[in-house]
Every structure is written in C-alpha cells, then in structure tokens.
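The values are calculated or read from the model by the stated rules, or taken from the named source; none is laboratory data. From a predicted model like this one, the values you see are computed outputs, not experimental measurements. We place every Cβ from the backbone using ideal geometry, glycine too, and count neighbours over all the protein chains shown.
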Amino acid sequence: MSPIEETIAKAVEQRADRIVETLCDIVRFPSIVKSDPREAGPGERDCQLYLQKRLEALGFTTDLWEPDGPALYAKYEGRPGANKGRTFVGRPNLAGVLKGKGEGRSIMLTGHVDVVPPGASEHWTSDPFAPVVSEGFVRGRGTVDMKGGVACMLMAIEILKEIGVTPAGDVVFTTVVDEEIGGMGSLAMVDRGYRADAGIMTEPTANRIAPLCHGILWGRIIVDGIGGHAELTPNYWDGSGPVDAIQLCRQVLDGIDILNRRWQTDPVKNHALMDLPNQIIVTQIKAGEHPSSTAGRGEIVIDVQYLPHEKDEFGLGGNVKREVEAHLAAVCQADPYLRKHPIRVDWILDADCAEVSAEHPFVTVFQSATSKAGLDPRLSGFGAHSDIGLPTGLGRTPTVNFGPGDPAQSHQPNERVAVRDLVDCTKAVALTIESWCGASKR
C-alpha cells in the first residue's frame, strides 16, 4: 500500500469503537417499514434527521425531502420502482453532496434506512431496537440489513476528513426509505437527479463485491374451488361441486416444483456469480373458510427470481411473468376442473435487477481496494433483490453491492453483524473513495 493508503487503513482500525457506536445510534431508531405504504414507520424521519446532522457536520450540502408518490407513479408507470399507492408523508429520503476539488471522478454511497418488523418478541434475546455489543458482534434489527452498511459508508467519509484526505471528485451520500416494499424511495432519489460516475450500495454481502442482483416478482395465485361439507360424501346433484381448493392448491404446488427442477439446469436461469438458479419460492398459503368445510378458495403467494438478461423492453420481468403464467396454464390443462376454471395470477410487485460488467473500471479499482483491506476481491452475486437497478439504469450510475454481514442474517430474529466486518467494510470503502475519486492529504 502507498503511504496514504496505510494512513487510511490505520485510522479506520483505530476508530473501530466509533464505527460500532454509530451503528448502535442508527439501530435505536425503529425505522420499520409498514405493510401499508401510506403509513410512516415510527423512526424513519428521526433516523434520517440523525444522518443529516452527521453529514452537515462533515460539510455536506444536504437535501431531506418527502417524495410525491402519486406524481412519481404517474411519471414512471410501468417502469422499475413505480409502485401504485405509495405516499411518503413522514418518510423522507436524504441526500448529501460533498464537493470535491473538481478534477476527480465522483462516487455515490447509497443505502436504505427502513427495516422489516422484528416479529415475535419471544424470538429475540433482547430488545431489537436496543443494540447489544457482545462477543465481537452487534445485535439488533437492521444491523445487517442494512444499517451496518450505512454506518460504514458514513464513517468512511468521516475518517477521511479527520485525517485530512480530501477527495478530488464529489462524494454523494443517499439513504432512502421504501426499499423493503418495492424500491420507490430509490426511484425518487434517482428522479431527483442524484448520480455519480460509480456507486456502492452497502447491502450485506459478507464484504464481497456483488455487481449483480436478482429481480423479483411477487404474485398471488388465486385457486377457486367450491365449498362443501368436509365430513360427508359429496353430492354433485347440480354439477357445481364441491371441489376442494386445498387439493387443487397441492396440484399447483407440484407444478411449481416441476418448473423449479427445470430451471435448475436451464442456462437462462443460472449465472456464474450466483450460488443457486432462479427459483419460484412459495412464501404464503391461505385456504379454507371453516374447519368442517372443504375449501372454496385458495391463495398461494410466490416470489419469483429473474436475472438481468431476462428483462423485458421496460427493464422489468414481463418475460418471466408470461413464462410462469404459461406453465401454470399447462398445469390447469391436466385437471378436468381447472381446465374449465383456470387459476389466476395477480402480480403484486416487479422489482428490477442490474449487472455491472466485471471489466468496468470502477469494479477493478474496487477490487484492488478490497484486497488492500485484507478482503477477498473475487466477485460474487447478490442472491436477493437490491435497489442497484435504479441508479445503474435510470440514474446512469454503475452501482455494485458491497456491505458487512452475512446476508442470510437479514430479516431474522437476533440479527447480528461482526465488528470485524464493520471495520473491514469501512476500510475498503474509504480506500475506494481515495483511489477512485483521487485525493490529496494535508
């Protein structure tokens, strides 16, 4: 490493306690995303105000605003991130710009502050929003997904400033809401004009550079049967039933299994950086109306993954929707009742994806910085969805995922991130800023 890089690495190590303290501060805000996107989470605004104050102390020009959900939807309907029914009252986005000396490349550090609900309290060993530091870990809701990453990107900038390293290019810092239910916060951020020559989204990747993420489709499969008395011999006197919707749901689930097995060996559904092929994941099942009645209706909620090369002309998953619908239609043809009463699919969400080329200059610079930070520079895929598609596509800011923590810890009770991961991530981000943007030291 160069002398300036050694100075940065040493400074980060010396401030490990402050990195942890910053994360704990952010976790204490219960910035829970509500299932009704018209409602503000109890801590979303307060969390953003805290970050705004920290940015302004570093010399950032900041922008805290509540996006106009209906206007955004009208402008981008049918495009990535445009979700109907969103409002942002009490749910502000935050952006800040730290101007460089003017002759360097710019970088955007971005993430989200909304977290999923903690779930049943008995599954936690402590209050989810009272962070605990123990045995080299920080535990609390959002420590992995993704306030740990937000703390790292904030501290990377703060440490550079403290040791007198001034980026030549601009540093853009953005934290959004709404990521956990569709990504309209990121759409609002990009629409407002925030972009850079390259970007890092500090989603948890176990500190591996992930220039690729999945797109996801949420769909509700509606299965209509005909109710009847569950304990009596069926009598089809009028030809109208009963037909057990639960039994029909089993057939649909079997059909989904068949498609998943097909996708396992389909080159279109696989990517060299992804550990697993695309999948259709059944996440919710609801059926039946009464304990002693056969079910008259069933609903199956699915989460369908797709890859960037599968996107349709609008940058979304329309091609995969049609593929799933055609397969389910074929499943219906195998059953006499479903042939006449086919299932329906109501698509709930389409969240886009992106891929930044491994040959992109920023990826090369970032790999070098991670290696100097003592991390594995090899690229990996981000198996879940993240918002990198919006800044990469609409915002013309090639953005990769990179952040601390095991991504499998996301959304779990007793979510925790290693202090070592936080320090290493902060170090890698700080070194990348210095290398990519160009910097001088007082």
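Numerical summary
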| read-out | value |
| --- | --- |
| Flag for residue 375 being under 27 Å from residue 275 (Cβ atoms), at pLDDT 95 or above and either in the same structural domain as residue 223 (by TED's automatic domain parsing) or out of contact with any Ser or Thr (no Cβ under 8 Å at 6 or more places or on another chain) (or both) | yes |
| Count of the range 90-139 residues which are under 25 Å from residue 402 (Cβ atoms) and polar (S, T, N, Q) | 3 |
| Count of the range 88-107 residues which are of a type in the set (A, V, I, L, M, F, W, C) and assigned to a loop (DSSP other than H, G, I, E, B) | 2 |
| Any hit, the range 168-190, residues being over 30 Å from residue 79 (Cα atoms), out of contact with any helix residue (DSSP H, G or I) (no Cβ under 6 Å at 6 or more places or on another chain) and either outside any loop (DSSP other than H, G, I, E, B) or free of Cβ contacts under 8 Å to residues at least 24 places away in the same chain (or both) | no |
| Condition met for residue 192 (crowded, with 23+ Cβ neighbours inside 10 Å, in the same structural domain as residue 29 (by TED's automatic domain parsing) and charged (D, E, K, R)) | no |
| Search result, residues across the range 286-343 that are more than 30 Å from residue 389 (Cα to Cα), in contact with a strand residue (DSSP E or B) (Cβ under 7 Å, 6 or more places away or on another chain), in a loop (DSSP other than H, G, I, E, B) and of a type in the set (A, V, I, L, M) | 295, 343 |
| Hits in the range 1-51 - residues which are in a helix (DSSP H, G or I), over 19 Å from residue 126 (Cβ atoms) and among the β-branched types (Val, Ile, Thr) | 4, 7, 8, 12, 19, 22 |
| Among residues of the range 69-99, those that are within 22 Å of residue 394 (Cα to Cα), aliphatic (A, V, I, L, M) and surrounded by 14 or more Cβ atoms within 10 Å (Cβ to Cβ), counted | 5 |
| Tally, over the range 108-158, of residues that are part of a helix (DSSP H, G or I) and either farther than 20 Å from residue 199 by Cα or free of Cβ contacts under 8 Å to residues at least 40 places away in the same chain (or both) | 3 |
| Conditions (1) surrounded by 17 or more Cβ atoms within 10 Å (Cβ to Cβ); (2) modelled with pLDDT of 95 or more: number failed by residue 66 | (1) |
| Any hit, the range 156-166, residues being charged (D, E, K, R), in the same structural domain as residue 319 (by TED's automatic domain parsing) and over 21 Å from the mean Cα position of the chain (by Cα) | no |
| Selected residue (criterion: nearest to residue 108 (Cα to Cα)) from residues of the range 52-71 that are part of a helix (DSSP H, G or I) and over 20 Å from the mean Cα position of the chain (by Cα) | 55 |
| Yes/no for residue 177 being at pLDDT 95 or above and within 30 Å of residue 20 (Cα to Cα) | yes |
| Test for residue 259: is it in the same structural domain as residue 221 (by TED's automatic domain parsing), part of a helix (DSSP H, G or I) and either touching a residue at least 40 places away in the same chain (Cβ under 8 Å) or in contact with an Asp or Glu (Cβ under 6 Å, 6 or more places away or on another chain) (or both) | yes |
| Every residue from the range 306-353 that is among the aliphatic types (A, V, I, L, M) and either surrounded by fewer than 17 Cβ atoms within 10 Å (Cβ to Cβ) or on the phi > 0 side of the Ramachandran plot (or both) | 326, 329, 330, 334, 348, 349 |
| Residues satisfying the stated conditions in the range 398-442, i.e. at pLDDT 95 or above, of a type in the set (D, E, K, R), over 22 Å from residue 379 (Cβ atoms) and in a loop (DSSP other than H, G, I, E, B) | 415 |
| Selection from the range 390-427 of residues that are out of contact with any Ser or Thr (no Cβ under 7 Å at 6 or more places or on another chain) and under 14 Å from residue 112 (Cβ atoms) | 410, 411 |
| Positions within the range 127-170 being surrounded by 23 or more Cβ atoms within 10 Å (Cβ to Cβ), in contact with a strand residue (DSSP E or B) (Cβ under 6 Å, 6 or more places away or on another chain) and of a type in the set (Gly, Ala, Ser), in sequence order | 142, 148, 149 |
